[in-house]
Amino acid sequence: MFTTSHFHPMFVHFPVALIIFGFFAAIASLIHKKETWLPATSLYLLILGTLAALVAVLTGVFFTEETTGAANEIGELHEHLAWITLGLLVATSALYIYLKVKKIEKPGLKWCAFALYALSAISVGVTGFYGGTLVYNFMILAH
């Protein structure tokens, strides 16, 4: 039977895939500088991943059940990391969009944006790890 508790597990995979693949596109754009489609692909995946992360966080907040004990501790850490990750993604997206719209080519700002993207990708992975821990170690599943 389908319930609203299925929403969060349905959406969480999108930000993980989009952000990590987008970061790899950003790395590839550093290596293959003549490939103009790589930075654009990286930016689009970042924006889509940020929107997907917003949906994942909101479905987690509104459509998952409360837990107790050790699972609750992991769940609270997972939720806290999810909000941090979303903040990082919003900041990274805003910086990348600003640089693109203003056509700013300053290496320092570009490296700052790249570092934020790296931090965001790591944060997505760590947040996903704790979500997976809830599922696989504590059997917290959609009911």
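Tell me the angle of helix 69-101 to the major Cα principal axis of the chain, expressed in degrees between 0 and 90 and rounded to the nearest ten. Its long axis makes an angle of about 20 degrees.
Here r is the Cβ-Cβ distance between residue 77 and residue 34 and R0 is 41 Å; the resulting FRET efficiency, rounded to 0.05, is 0.45. Between segment 6-39 and segment 65-115, the C-alpha centres lie 14 angstrom from each other.
Calculated mean residue ellipticity, 222 nm, the chain: -28500 deg cm²/dmol, from DSSP H runs (n ≥ 4) at -39500 (n - 2.57) each, averaged per residue and rounded to 500.
Within the chain, what whole-number % of the accessible surface is contributed by carbon and sulfur, with the 1.4 Å probe and all protein chains included in the calculation? Can you show the working numbers first?
Details: 6510 of 8890 Å².
Of all accessible area on the chain, carbon and sulfur atoms account for 73 percent.
The residues of the chain present an accessible area of 62 Å² per residue when probed at 1.4 Å with all protein chains retained. Estimated from the Cβ-Cβ distance and a Förster radius of 30 angstrom, the FRET efficiency linking residue 115 and residue 2 is about 0.15.
Global dimensions of segment 1-52 from alpha-carbon coordinates: Rg and Dmax equal 14.4, 51 Å.
For the chain, the longest principal axis of the Cα atoms and the long axis of helix 37-63 meet at an angle of about 20 degrees. Taking one quarter of the surface of the C-alpha convex hull of segment 63-126 gives a mean projected area of 5.2 nm². Using 0.36 nm per residue and subtracting the Cα-Cα separation, the extra length available between residue 98 and residue 55 on full extension is 13.2 nm.
Rounded to the nearest 20 debye, what is the charge dipole size of segment 24-143 about its Cα centre when +1 sits on each Lys and Arg Cβ and -1 on each Asp and Glu Cβ?
Numbers: 7 positive and 7 negative charges, 205 e Å.
Computed about the Cα centre, the dipole is about 980 debye.
If the chain linking residue 91 and residue 68 were pulled fully straight, counting 0.36 nm for each residue of separation and taking away their Cα-Cα distance, it would gain 5.0 nm. Once the Cα atoms are used to define both axes, helix 13-31 deviates from the longest principal axis of the chain by about 20 degrees. Using a probe of 1.4 Å, the accessible surface attributed to residue 44 totals some 140 Å² when neighbouring protein chains are kept in position. Extent of segment 48-93 along its three principal axes (Cα atoms, max minus min coordinate, largest first): 36, 17, 10 Å.
The values are calculated or read from the model by the stated rules, or taken from the named source; none is laboratory data. None of the values given here were measured: they were computed from a predicted structure. Using ideal geometry, Cβ is built from the backbone for each residue, glycine included, and neighbour counts are taken over all protein chains shown. Please note that ligands, DNA and RNA were not included when accessible areas were found on the heavy atoms of the full protein model with its side chains. Shrake-Rupley method; radii C 1.70, N 1.55, O 1.52, S 1.80 Å.
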